[in-house]
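Trainee: Could you have a look at this structure, given as structure tokens, before my questions?
The values are calculated or read from the model by the stated rules, or taken from the named source; none is laboratory data. Computed from a predicted structure; not experimentally measured. As a convention, Cβ positions derive from the backbone with ideal geometry for all residues, glycine included, and neighbour counts pool all protein chains shown.
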Amino acid sequence: MPSRDGPAVVEVDDLVKRYPRADTNAVDGLSFTVAPGEIFGLFGPNGAGKSTTVGILTTRLRATGGRVVVGGVDVGRDPAAARAQLAVVPQHNNLDRALTPRQNLVYHATYHGVRRREAQARAAELLERFGLTERADRRIEAYSGGMAQRLMIARALTHEPTVLFLDEPTNALDPQTRLLIWGQLRELRARGVAIVLTTHAMNEAARVVDRVGIVDHGRLLTLDTPTNLVRGLAGDALLDLTVTPAGGDDPDALCAALGELTGVRKAERLATPTGPPGGRPGGLAGVGAGGAAMLAALAAGGGRPGGGRLAALAGAGLLGRGGGAAGNGGRGRLRIRLHLAGDAATLLGPAVAALAARSAAVNAVDISEPSLEDVFIELTGRQPR
Ligand SMILES: Nc1ncnc2c1ncn2[C@@H]1O[C@H](COP(=O)(O)OP(=O)(O)O)[C@@H](O)[C@H]1O
Ligand SMILES: [Mg+2]
């Protein structure tokens, strides 16, 4: 739906890239479009093909197949004209160390045909916007990673591109720099500049992108707004339960029983935590049936978690301790994740009651909102690769 403000400014159609001597495609049939004034995220793990895609879209690499149009220009046919439309902030620092920061900007602008006087005015304005004026004429070696990143973005903007590409823009930056960069990107979007950014830190960037394509092995797994992706794939909320089943109870059957509860879209077993004997300091040794009933009553009473996480319901006083297998330092414990449709607080009571009915002890409860990383795990599984 690239209709934010007219036709797409980036069109990628069945893009393929195979590096020489590689036996698989680094980019394997990617298609998407980006609208003017849209922030589009290309998210995926390391090696997914993000930088390769950006490399082709910005004319640094040639595609093996498919078609890319940026700002109305076919990138493969007329790379020079495409370069006038776009700017790129690469994953690795490629500032010219022989020049001062200000000279880097002026040089870049004049290279792109901006007249010298205008280039100097733009450089001054951008240095100011990115908080770099004070150090504009010092040696670039003294720049921190964050300053270098700001300078690379400022440099990219000196020729007023239609589309700005950023490859892992906030990788390893301090929080202040990240905030400044996200703020500047939003401002560019408001001016109608389209932004394509890649990252493997999906959750952080999810807050700034309008739409996101999740890639893995050079293929697009899904493409939508972050909200739709999270709602559609991971559920409205996640309820993680650490429980100790009654002796002889089958963990899978217990998990399945939770999955049958109304409002639970899916129940899955997570890897069991390997903590020090006795569990986390301040954690629970076990929640007996009485404690479970109390939890259920609390939940039924409408105790809503205030936003973030409701971690480890450690109401020590009300909870039976050391019951059966729970006293063995975590052995026999299960972690079960419930993907919920609707509010987690509403499900807490029934879930705890269902566990109590099987004489399972509840060790910890955690409510969270699903994130894009959860979506990614949903799509690709939990196995490390
Ligand atoms: N210059 C290159 N030559 C050969 N293979 C490459 C080259 N650059 C990247 N690759 C491979 O292509 C795949 C995608 O890499 P890349 O686009 O850098 O992924 P990402 O940016 O998502 O981490 C990886 O398997 C990587 O090893
Ligand atoms: Mg990369």
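Trainee: Ala156 - would you say it is under 19 Å from Val9 (Cα atoms), assigned by TED's automatic domain parsing to the domain that holds Pro226 and not in a loop (DSSP other than H, G, I, E, B)?
Mentor: yes
Trainee: Among the candidates Thr222, Thr198, Thr227, which residue alone is closer than 16 Å to Glu373 by Cβ, without any contact (Cβ under 8 Å) to a residue 12 or more places away in the chain and either within 16 Å of ligand 1 (Cβ to nearest atom) or in the same structural domain as Met147 (by TED's automatic domain parsing) (or both)?
Mentor: Thr227
Trainee: On to the next question. So, in region 221-250, of the ones that are closer than 25 Å to Phe32 by Cα and of a type in the set (D, E, K, R), which residue ends up surrounded by the most Cβ atoms within 10 Å (Cβ to Cβ)?
Mentor: Asp224
Trainee: Related question: Filter region 165-205 for residues that are of a type in the set (Gly, Ala, Ser), outside any helix (DSSP H, G or I) and within 16 Å of ligand 2 (Cβ to nearest atom) and give the result. Talk me through it step by step, then tell me what you get.
Mentor: So the first thing to find is which residues in region 165-205 are of a type in the set (Gly, Ala, Ser), and the list is 172, 183, 190, 192, 194, 201, 205.
Then keep just the ones that are outside any helix (DSSP H, G or I); that gives 172, 192, 194, 201.
Ala172, Ala201, listed by residue number.
Trainee: Look through region 48-62, keep the residues that are within 12 Å of ligand 2 (Cβ to nearest atom) and either of a type in the set (D, E, K, R) or outside any loop (DSSP other than H, G, I, E, B) (or both), and return whichever of them is surrounded by the fewest Cβ atoms within 10 Å (Cβ to Cβ).
Mentor: Going through the qualifying residues, I end up with Ser51.
Trainee: For region 213-222, give me the residue count where each residue is more than 16 Å from ligand 2 (Cβ to nearest atom) and under 13 Å from the mean Cα position of the chain (by Cα).
Mentor: The total comes to 0.
Trainee: Any chance region 122-129 includes a residue that's of a type outside the set (Val, Ile, Thr) and part of a loop (DSSP other than H, G, I, E, B)? Steps first, please.
Mentor: Step one: of region 122-129, the residues of a type outside the set (Val, Ile, Thr) are 122-129.
Checking which are part of a loop (DSSP other than H, G, I, E, B) leaves us with none.
Within region 122-129, none of the residues are of a type outside the set (Val, Ile, Thr) and part of a loop (DSSP other than H, G, I, E, B).
Trainee: A further question on this structure: Which one of these does Arg67 not meet: (1) within 13 Å of ligand 1 (Cβ to nearest atom); (2) surrounded by fewer than 23 Cβ atoms within 10 Å (Cβ to Cβ)?
Mentor: (1)
Trainee: In region 22-64, which residues are near ligand 1 (Cβ under 7 Å from one of its atoms), in contact (Cβ under 8 Å) with a residue 60 or more places away in the chain and farther than 24 Å from Pro226 by Cβ?
Mentor: Ala26
Trainee: Sticking with this structure for a sec: Looking for whichever is in a helix (DSSP H, G or I) and assigned by TED's automatic domain parsing to the domain that holds Thr198 here; the options are Arg97, Arg117. Which one fits?
Mentor: Values: Arg97 fails: in a helix (DSSP H, G or I).
Just one listed residue meets the conditions, Arg117.
Trainee: Could you say whether any residue in region 12-23 is in the same structural domain as Arg138 (by TED's automatic domain parsing) and either assigned to a helix (DSSP H, G or I) or closer than 22 Å to Arg191 by Cα (or both)?
Mentor: no
Trainee: One residue is enough: does region 228-242 have a residue meeting the conditions within 30 Å of Met152 (Cβ to Cβ) and either in a strand (DSSP E or B) or at pLDDT below 95 (or both)?
Mentor: There is at least one residue in region 228-242 that is within 30 Å of Met152 (Cβ to Cβ) and either in a strand (DSSP E or B) or at pLDDT below 95 (or both).
Trainee: Which residue is nearest to ligand 2 (Cβ to nearest atom), if the candidates are limited to region 25-47 and must be among the β-branched types (Val, Ile, Thr) and in contact with a Phe, Trp or Tyr (Cβ under 9 Å, 6 or more places away or on another chain)?
Mentor: If we filter region 25-47 for residues that are among the β-branched types (Val, Ile, Thr), which is where we start, we get 27, 33-34, 39.
Still in the running and in contact with a Phe, Trp or Tyr (Cβ under 9 Å, 6 or more places away or on another chain): 33-34.
Numbers: Thr33: 21, Val34: 18 Å.
Checking each candidate, the answer is Val34.
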